[in-house]
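The values are calculated or read from the model by the stated rules, or taken from the named source; none is laboratory data. Given the structure is predicted, the values throughout are model-derived calculations rather than measurements. All Cβ positions, even for glycine, are placed from backbone atoms using ideal geometry, and neighbour counts span all protein chains on display. Note: accessible area is taken over every heavy atom of the protein model, side chains too, but ligands, DNA and RNA are not part of it. Shrake-Rupley method; radii C 1.70, N 1.55, O 1.52, S 1.80 Å.
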Amino acid sequence: RNGYWDGISMATSTDGLHWNELGEIIPMADDAVWLGGCASFWKIETMGPDGLPQEKYVTNFSEWRGPKRTIGQQTIFFAESKDMLNWERLGNEYELKPDPRWYKVNDGVRSRWDGMAITEKPGGGYYGYLTACPNQLALPLAEDGSTLAFGMAQSSDGLHWKAIEPPVIEWGDKLEVKTTTEAP
């Protein structure tokens, strides 16, 4: 619309090679500096106004709030659809913010909070794994100073999310990788 990172557009294809641009489906909010891309789509079942179950699809995307592109905080928002063609942005009450007990906030690119991938939670609900900057020491850094790590969120219904403590990865024994051109 006005440059880059100001909305999410959609295209369709019948063969994965030739695409038809449909245009913008989720515009950037008026108070956002930029809107990032979507990360996941998932299907949930809710009760319709008639009391019968109905399916809907949900996606997530990030927006940056602050005085400029590098000062402020990135958070995650959601949109829903009944047909994966027409999308309705959900209100600010669905915003997923980082919890400062576990994640850096308001520290520019060093407080990333985006790109959430969704998986079903054992026993019901969902986990979201996202690009994040935990408050942990000694994490590797990217060239821009952001941490090369991830965070975690959970939801009981796929619509209302809460940041939780970053996962602890137990890598176990590292495999030694050898490459050779010689036959064994």
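Miscellaneous remarks
- Pairs of Lys residues in the chain are counted when their Cα atoms are under 22 angstrom apart and they lie 8 or more places apart or on different chains; the count is 13.
- Highest GNM mean-square fluctuation among GLU170, GLU88, GLU45, for the chain modelled with Cα contacts below 10 Å: GLU170.
- Highest-MSF residue in the chain out of ASP31, ASP114, ASP99 [GNM, Cα springs under 10 Å]: ASP31
- Entry comment: accessible area of region 26-184 is 61 Å² per residue, from protein heavy atoms only and a probe of 1.4 Å.
- For region 1-102: rounded, prolate or oblate by the Cα gyration tensor [a/c cutoff 1.5]: oblate
- Prolate/oblate/rounded label for the chain (Cα gyration tensor, a/c 1.5): rounded
- A Stokes-Einstein calculation at 4 °C with viscosity 1.567 mPa s, built on the Kirkwood radius of region 5-61 over Cα pairs, returns a diffusion coefficient of 94 µm²/s.
- Carbon and sulfur %, accessible surface of region 1-124 computed with the full protein complex present, 1.4 Å: 50
- Rounded to the nearest 20, the size of the Cβ-charge dipole of region 81-154 about its Cα centre is 180 debye, with Lys and Arg at +1 and Asp and Glu at -1.
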